[in-house]
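This report concerns only the one structure given below.
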Amino acid sequence: YLVVWRDSRSGSDRDIYGARVATSGMVLDPSGIAISAAADDQESPSVAFNGANYLVVWDDSRNGLDHDIYGARVDTSGIVLDPSGIAISSGVGRQWDPSVAFDGANYLVVWRDSRSGSDYDIYGGRVDTSGTVLDPSGIPISTAANYQWSPSVAFDGTNYLVVWEDER
């Protein structure tokens, strides 16, 4: 398994760390693995496994006050395959609170998005197993009136289900 979290050990910024856990429950990386220690804050990590590698996603403020969605692949030996991160969504406004699932071919990353300028919406984008972002502009999932936030995604073998809190 790979467990991921936001970590403040640097003292000034929040970073994304992870640790592998064996099926016996033994923690294989007791000091953690730095998945992203980019400038400024990285927060709200989520992780999915494709059978060979993990994709860890998070919201990231390395480009300024508006957070973007970044990710990195991590192999089963704990090596971060994308040490600079993959920009999954860096559109206008703020993107944050990501969640990720794998469908057997691609990952679907979903997040809260303020690109409309007035309300928060739910957007998503696919990432393939090589780390290529297939939907760089994002896919609108819910742009209903008022606010939508806290998305989560799961895959049942046939379809994705995306859920979120909603103020419509």
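What relative contact order, as a whole-number percentage, does region 48-90 give when Cα pairs under 8 Å and 6 or more residues apart are counted?
Relative contact order for region 48-90 comes out at 33 percent.
Heavy atoms only, probe 1.4 Å: what % of the accessible area of region 80-161 goes to carbon and sulfur, would you let me know?
Summing carbon and sulfur atoms, their accessible area is 48 percent of the total for region 80-161.
For region 31-115, just the Cα set please: Rg and Dmax, both in angstrom.
Spelled out, the Cα radius of gyration and Dmax of region 31-115 are 12.4, 37 Å.
Give me the 1.4 Å probe accessible area per residue for region 33-144, excluding ligands and nucleic acids, in Å².
38
Note down the Stokes-Einstein diffusion coefficient of the chain in µm²/s, whole number, using a Kirkwood radius over alpha carbon pairs, 20 °C, and 1.002 mPa s.
Roughly 134 µm²/s, to the nearest whole number.
Tally up the carbon and sulfur contribution to the accessible surface of region 20-60 as a whole percent, 1.4 Å probe, everything protein left in place.
Accessible surface attributable to carbon and sulfur in region 20-60 totals 54 percent.
The values are calculated or read from the model by the stated rules, or taken from the named source; none is laboratory data. Since this is a predicted model, take the numbers as computed values, not measurements. Each accessible area value is taken on the protein alone, full model and side chains, heavy atoms only, with ligands, DNA and RNA left out. Shrake-Rupley method; radii C 1.70, N 1.55, O 1.52, S 1.80 Å.
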